[in-house]
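Below is one structure; the comments refer to it alone.
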Amino acid sequence: MSDLVDFEELEELDGGDLRSVLEEVAPDQMLEALIGSPIHLRDRLLLKLSRPSAERIAAEIDGHAPIPIESARAAQRAVVEALCRLGRAGVVAFDDPEDMVA
């Protein structure tokens, strides 16, 4: 995982690329990552998904018990790792700063 990539950078992806990244992590991790994200970021990410998916995820978030911040951060790291892996493979339109040469 690149220490130069933040979970918030998911916002730069289009809906298809975001779905590809989210499919690479376990559903529980994806849910915990979103629960631990700022509400404004979570809302913007959900807008990039299909309406039924966004509504389902929003309902799961609303019905989920609070989680420890460490769990949310670990889940977000897993999502970022998936983002970087898919970016390096050319599956999603995202450049991992670790792969760039100055």
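The values are calculated or read from the model by the stated rules, or taken from the named source; none is laboratory data. Here the structure is a predicted model, which is why all the values come from computation and not from measurement. To get the accessible areas, we keep the full protein, side chains included, count just its heavy atoms, and leave off ligands, DNA and RNA. Shrake-Rupley method; radii C 1.70, N 1.55, O 1.52, S 1.80 Å.
Which value in Å does the Kirkwood hydrodynamic radius of the chain take, with 1/r averaged over all unlike C-alpha pairs and then inverted?
On the way: mean 1/r = 0.0728 Å⁻¹.
It works out to 13.7 Å.
Would you please give the residues with an amide H less than 5 Å from that of Val92, counting only those at least 5 places away or on a separate chain, with H modeled from the backbone geometry?
Under 5 Å from the amide H of Val92: Gly87.
Which log10 I(q)/I(0) values does region 44-85 give at q = 0.19, 0.20 Å⁻¹ under the Debye formula, counting every alpha carbon as one identical point scatterer?
-0.76, -0.82
Can you give me the accessible area per residue for the chain, using a 1.4 Å probe, in Å²? Spell out each step's value before the answer.
Numbers: 5880 Å² over 102 residues.
With all protein chains present, the chain gives 58 Å² per residue.
Can you send over the carbon and sulfur percentage of the accessible area for the chain, probe radius 1.4 Å, protein chains only?
Details: 3000 of 5880 Å².
Carbon-and-sulfur percentage of accessible area, whole number: 51.
Could you derive backbone 3J(HN,Hα) for region 8-22 from the dihedral phi with the Karplus parameters 6.51, -1.76 and 1.60 (θ = phi - 60°), listing whole Hz in sequence and x where the residue is Gly or Pro?
Taking θ as phi minus 60°, the curve returns 4, 5, 4, 4, 6, 7, 7, x, x, 5, 4, 4, 4, 5, 5 Hz for region 8-22.
Could you work out the relative contact order of the chain? I mean the mean sequence separation of Cα pairs under 8 Å and 6+ apart, divided by the number of residues, in percent. All intermediate terms of the calculation are to be shown ahead of the outcome.
Values: 102 pairs, mean separation 44.7, N = 102.
Reported as a whole number, the value is 44 percent.
Quick one: Karplus J couplings for region 63-73, per residue in order, coefficients 6.51, -1.76, 1.60, θ = phi - 60°, nearest Hz, x for Gly and Pro?
x, 8, 5, x, 10, x, 4, 4, 5, 5, 5
Averaged across orientations, what area in nm² does the convex hull of the alpha carbons in region 1-56 project? List each step's numbers first, then the result.
Working: hull surface 15.8 nm².
Averaging across all directions leaves 3.9 nm² for the Cα convex hull.
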